[in-house]
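Data first, discussion second: the structure below is written as structure tokens.
The values are calculated or read from the model by the stated rules, or taken from the named source; none is laboratory data. Owing to the predicted nature of the structure, the values given are computational and were not obtained by experimental measurement. Neighbour counts run over all protein chains shown; Cβ positions are idealised from the backbone, glycine included. SASA here: full protein model, heavy atoms, side chains in, ligands and nucleic acids out. Shrake-Rupley method; radii C 1.70, N 1.55, O 1.52, S 1.80 Å.
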Amino acid sequence: MSGNYLLLAFFWIVYCGLHSVLADNKVKIYFNQFVVFKRFPYRIFYNIWAVLSLLAVLFYQFSFFSDYIFKPGLLIQLAGIILFISGLIIMIICIKKYFRQLSGLEESYTDILQVSGIHKIIRHPLYAGTFLFIIGLWLLFPYWSNLIAVCIIIIYTLIGIVLEEKKLVSYFGDQYVQYKKNVPAIIPTSLLTGK
């Protein structure tokens, strides 16, 4: 059984690594020189690859039996449901807000920095929603395989935030630096402290 877990971890790491490499600006520039990407934006092909490869990793993850780490009681299940639904709502709000950019119909960054709505509370609401969603799912189904996925996704995303923010600072300059000083990355500290 441990071989399945190692292979699952490997697949998640490869997926995350390729996800970053293929999203890199140098890779985008390289692929955009080909005729097919002049007719159809590279981002559309990237999104198709991302969905299909994610489905492949998830198919493997659910293809083998995984042991429970613990049996979730009623309170843990309730916490899982609350986190899962909260994360899903945040993700839907963000995807609706970013749809044109995420789909490849618009450039990744517009000339206007997003600071309204949920962005007044946290800088990376989509990532925060994802964390709530996957942690809630893990609390509902606390299998070893799900824990592997959650840990790798969280580590990958935290590294991704650092790299993405470097791009955002280079794109928006002092405007983003000020925004970064005033608004937390993924934990809404102002809501938690009441300040």
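Restrict the search to segment 1-63; then list the chymotrypsin sites (Phe, Trp or Tyr not before Pro) that DSSP places in a loop and that have at most 14 other Cβ atoms within 10 Å of their Cβ.
Filter output for segment 1-63: Phe34, Phe62.
Just to confirm, what accessible area per residue do you get for the chain at 1.4 Å probe, in whole Å²?
Working: 12280 Å² over 195 residues.
Normalised by residue count, the accessible surface of the chain is 63 Å².
Would you check the chain for Lys pairs whose C-alpha atoms are within less than 21 Å, ignoring same-chain pairs closer than 8 in sequence, and give me the count?
Lysine pairs satisfying the spacing and distance rule in the chain number 21.
Which cross-chain or sequence-distant (5 or more) residues have an amide H under 5 Å from the amide H of Tyr143, H modelled 1.01 Å from N in plane?
Ile69
Would you mind checking the radius of gyration and Dmax of the chain based on alpha-carbon positions, in Å?
So, for the chain, Rg and Dmax equal 18.4, 56 Å respectively.
Run the numbers for Ser170 and Lys120: contour at 0.36 nm per residue of separation, minus the present Cα-Cα distance, in nm. Show your work: numbers first, answer last.
On the way: separation 50, 0.36 × 50 = 18.00 nm, distance 2.08 nm.
Difference between extended and current length: 15.9 nm.
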